[in-house]
Amino acid sequence: HGLLYPKDSPTREIKSLDGVWNFRAQPSLDPEQGFREKWFDHPLQSTGDVIDMPVPSSFNDITTDPSLRDFAGWVWYDREFYAPSAWSDSRVFLRFGSAHYTALVWLNGQEVLQHSGGHLPFETDVSGTLQLGAANRLTVALNNTLGPTTIPQGAWNWIKEDDIYPAGSFDMSYTFDFFNYAGIHRPVTLYTVPKSLHVADVKVTTIGVAQDYSSATIQYEVNVATDTDDFQCHVQLLEQDGTVAAEQDGCTGTITLAENPHLWWPYLMNEEYGYLYTFRVDATNSQESDQYNENIGIRSVFWDDNSFKINHQPFYFRGFGRHEDSNFRGKGLDLPLVTKDYNLIRWTGANSYRTSHYPYAEELMDFADRNGIVIIDECPGVNLEGFKPELLANHLTVMDELVARDKNHPSVVMWSIGNEPRSEVPEAKDYFIKVANHTRSIDPSRPVTLVMFRPFDQDQGGYSVDIVSINRYYGWYSQTGQIDLIANAVEQDIRNWRTKFNKPVLVTEYGADTIHGFHEVPSTIFTEEYQTDLMRENFKAFDNTKEDGILIGEMIWNFADFMTVQEYKRVWGNRKGIFTRDRHPKASAHILRDRYWKLAQDEGLP
Ligand code: E9O
């Protein structure tokens, strides 16, 4: 079964279970209590005090309770809902967009789902458990604890009990800086499909775009879940205005659009950026049929040792590293924020971003498709270390789940198998070659990158990749405050990576923490002037290496300020945003905007 995004259609109905749920955190001294007392067997309310918790949202910033903000362990959610009796002719699936990190799910006291991994969807058929025409109770136990083999990794430690710290004191640490927000982060949905057959998965790949754009070919594969083999598929490709561009029978096949197809173009590369077709599938047997409508874009991605191209044209990434992060909601899906962010991205003239450092909500990916924003799709393998077989197994699974979810998004042009691994150790080489090759085997249509940060001569991860991505902080984490040393160092460094691995190079991070409203001339660190000075020096290095055909893109760290773990090096989070956490522009937003629009103009605006 695939993990198609739940959409309604003439044959499918959707019911959202988002809203205010009951919630209870399980004190760390007795993590088993909820399981021992079978909290999933009764309304959570009957087990003791519950509080209101919105879904989707992180739970950390919702209350005033400090122990909940930095909580580690099990939390419990439940809610009641009705399922209409009209659903008796359907199968019903229960789907979570994501829940961080390990989830157990019960429906009416019966365990129906388990999932580990905080950023990808999971679902199951609940037809047998759901009570139609009656009330149902859905219970979720969720654990945000990270360990040595989870992706990403972390450590949960009891603090030794002594005369200073009471029993039950603990801390949780992790290898990355962003705050480990937890909760049911994305929509919870029930959806129906016909009983005897349904479209379980659809995969559509562009396999050819003519050099003169006069024609294009896509290949498709529809997976139908059914018990019999007397069924057929009818597929239609619909233009944005609804007219039929092509149609044919068959659950697998190719379609060639021979008369000037509408290609999917990145933002500012063509007037018709973000053009989407609807790929409509009707699966039918003698009794009933099911329809699913997938949005697809027709575009080619090409890469070799010297170039990266979309629709045969060199593509230079003008972009951002980002986070899913905001006040109150933490990492919970927030559509007003998502929409605002896309408007700000377009305002800067950017054409791309990386989903640093985990897969973002499916709703964001759809926005990227529609807005022509190009995505480097990153798995949650951030700052990995140790490289043990069990970690590798989980890493391959998360790549499977990520590619399964995002394979049809035209915006996704590259997979990132990790960010800043401790890849100077020899075992990193083999580890990342395995992850990269596995990713290529499930999706040969996109290149693979790994984002590296060790010195180029020590790194072992780069042997695995098609595109070398590097994070560079001259003037910040090294030679702090020395603006004059930046340009040459960055340029030389880019050239060194190119020489070592002989692949196109992408700078996926550079930047400086900046408190908006701090000003100083000459600039000193944390002022808005320092951030802009540092950027201008980096730009010099980018221009020189771009001209030599080495650099294929630049992404500033970060789009917006974001929350981190509490530590004395961070003042209310990581402040490298060019927007504040509330999305107010710093001076840097304006100079980035000038540069990105200038780069777009040099390429020739449509
Ligand atoms: C990853 C990103 O998630 N790169 C980090 C970003 C940062 O601002 C973080 O938010 O810290 C930068 C890594 C730079 C490593 C330099 C190490 C120098 C040690 C003194």
| message | Going by Cα centres, the stretch 555-606 and the stretch 207-254 are how many Å apart? | response | 40
| Surface per residue (accessible, 1.4 Å probe) for the stretch 401-548, Å² | 36
| task | Provide the convex hull volume over Cα atoms per residue for the stretch 1-131, in Å³. | result | 124
| said: So for the stretch 491-606, averaging the separation of alpha carbon pairs under 8 Å that are six or more residues apart and normalising by length, what relative contact order in percent results? | reply: 24
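Restricting to the chain, compute how many DSSP beta bridges are antiparallel as a %, nearest 5. Please report the intermediate quantities before stating the final value.
Details: 99 of 133 bridges.
Percentage antiparallel, nearest 5: 75.
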| note | Cα pairs beyond 27 Å in the stretch 359-509, in percent, come to 25
| said: How large is log10 of I(q)/I(0) for the chain at q = 0.10, 0.12 Å⁻¹ when the intensity is taken from the Debye formula with one equal scatterer per alpha-carbon? | reply: -0.92, -1.31
| said: Over 28 Å between Cα atoms: which of Lys7/Lys434; Lys434/Lys576; Lys331/Lys407; Lys309/Lys569; Lys15/Lys331 fall into that group? | reply: Lys7/Lys434; Lys434/Lys576; Lys309/Lys569
| Going toward the positive end of the dipole of the chain, with +1 on Lys and Arg Cβ and -1 on Asp and Glu Cβ, which of Pro504, Phe170, His42 do you reach last? | Pro504
| message | How big is the dipole moment of the chain about its Cα centre under a simple scheme where the beta carbon of each Lys and Arg is +1, that of each Asp and Glu is -1, and everything else is neutral? Debye, nearest 20, please. | response | 700
| task | Would you mind checking the radius of gyration and Dmax of the stretch 137-251 based on alpha-carbon positions, in Å? | result | 25.5, 78
| said: As a test of understanding, state the convex hull volume per residue of the stretch 337-447 from its alpha carbons, in Å³. | reply: 102
| For the stretch 320-448, what % of the accessible area comes from carbon and sulfur atoms, probe 1.4 Å? | 57
| said: Ratio of alpha-carbon Rg to the 2.2 N^0.38 Å globular estimate for the stretch 187-305, to two decimals, please. | reply: 1.19
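Which percent of the accessible heavy-atom area of the stretch 455-551 goes to carbon and sulfur, probe 1.4 angstrom? Can you show the working numbers first?
Details: 1900 of 3910 Å².
Ligands and nucleic acids excluded, carbon and sulfur reach 49 percent.
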| request: With a 4.7 Å Cβ cut-off, tell me which Cys residues in the chain come up empty for a partner. | output: Cys379
| What are the ³J(HN,Hα) values, in whole Hz, obtained from phi via the Karplus relation 6.51 cos²θ - 1.76 cosθ + 1.60 with θ = phi - 60°, for each residue of the stretch 196-213 in sequence order, with x given for Gly and Pro? | 8, 6, 7, 6, 8, 7, 9, 10, 10, 10, 6, 10, x, 10, 4, 4, 9, 6
| field | Separation of alpha-carbon centers, the stretch 88-117 and the stretch 259-289, rounded to whole Å | value | 31
| task | Quick one: Debye curve from the alpha-carbon atoms of the stretch 462-606 only, equal weights, vacuum; give me log10 I(q)/I(0) at q = 0.10, 0.14, 0.18, 0.19 Å⁻¹ to two decimals. | result | -0.35, -0.69, -1.07, -1.16
| request: Can you figure out the FRET efficiency of Leu396 with Arg346, using R₀ = 25 Å and their beta-carbon distance, to the nearest 0.05? | output: 0.10
| message | Taking loop as defined by DSSP and a crowding limit of 16 other beta carbons within 10 Å, which trypsin sites (Lys or Arg not before Pro) in the stretch 24-69 fit? | response | Lys38
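The values are calculated or read from the model by the stated rules, or taken from the named source; none is laboratory data. Just so it is clear, the model here is predicted, and its values are computed rather than measured. Here the Cβ is made from the backbone with ideal geometry for all residues, glycine too, and neighbour counts use every protein chain on show. SASA here: full protein model, heavy atoms, side chains in, ligands and nucleic acids out. Shrake-Rupley method; radii C 1.70, N 1.55, O 1.52, S 1.80 Å.
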